[in-house]
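The values are calculated or read from the model by the stated rules, or taken from the named source; none is laboratory data. Just so it is clear, the model here is predicted, and its values are computed rather than measured. Note that each Cβ is placed from the backbone with ideal geometry, even for glycine, and that neighbours are counted across all protein chains shown.
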Amino acid sequence: MIKQIYAVCFCAAILLGLVACTQKSSSVAGAYPPKAGPNSDIATGALGGAVIGGVTGAGIAAAAGSNPLVGGAIGAGVGAGLGTWVGYEKQQEQYKRLVAEGLRVIELGDIVEITIPSDKLFYPNEANLTYAGLPILADILSFINSYGPVTINVSAHGDTTGTLMHSLELTQMQAQAVMTYFWAHGKPLDQMNFYGMDHQEPIADQDTAKGEYFNRRIEIMFWRKQKSSVNAN
């Protein structure tokens, strides 16, 4: 009877695993994406893998006449490792998607920086997000969420068009627009900052149209939140 129960659990675990692997979030290009939670895909994958692996391991152990607790522990460890690998693979897919969209993604130790040409998110000299830019921000947010809880800095950079005051005000509003999008999709305000950098930090030739295209940019820098240490004394 016990073996039959664990056999049923084993089949249920396989079914749950298949469902978890096939579920994907969907969004329509140009539409405002649904609210996204700040959960880490890697952490979620590890937890789900541990649960499925534990049940599966217990079932196999019972069927083989071994201690189901030992089998469950072994299965949980294997499942957690598999879940972590699946989460990492998903994160790499998200990274490749961002690069394919013309974004630059650089990892500097614990810090990740994403650079987006402003023209992909805003019309020239405007601070309202375009409909075409919303799916890009959705992909960026999904990538950020895969790292778990993070601190985010959003800075906007402009070109030499107009006065310095105009460029400063415009970049401040653009950076705030991106941060507001993140906030509307689950990121806490107290974990984000935004900065308008006008055109004082160019990365390309300011005398050519191509150079100014790259100078008009949004830089999103984020890093994992540090766990607060508790003094044992």
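General remarks:
- Applying the condition of being within 16 Å of residue 154 (Cβ to Cβ) and of a type in the set (D, E, K, R) to region 101-128 and asking which residue is farthest from the chain's Cα centre (by Cα) yields 120.
- Boolean, residue 210 is assigned by TED's automatic domain parsing to the domain that holds residue 115 and either in a loop (DSSP other than H, G, I, E, B) or touching a helix residue (DSSP H, G or I) at 6+ places or on another chain (Cβ under 8 Å) (or both): no
- Filter pass, residue 141 being touching a helix residue (DSSP H, G or I) at 6+ places or on another chain (Cβ under 7 Å), under 22 Å from residue 210 (Cβ atoms), of a type in the set (A, V, I, L, M, F, W, C) and in the same structural domain as residue 179 (by TED's automatic domain parsing): no
- The number of residues in region 196-208 that are surrounded by fewer than 17 Cβ atoms within 10 Å (Cβ to Cβ) and farther than 14 Å from residue 115 by Cα comes to 5.
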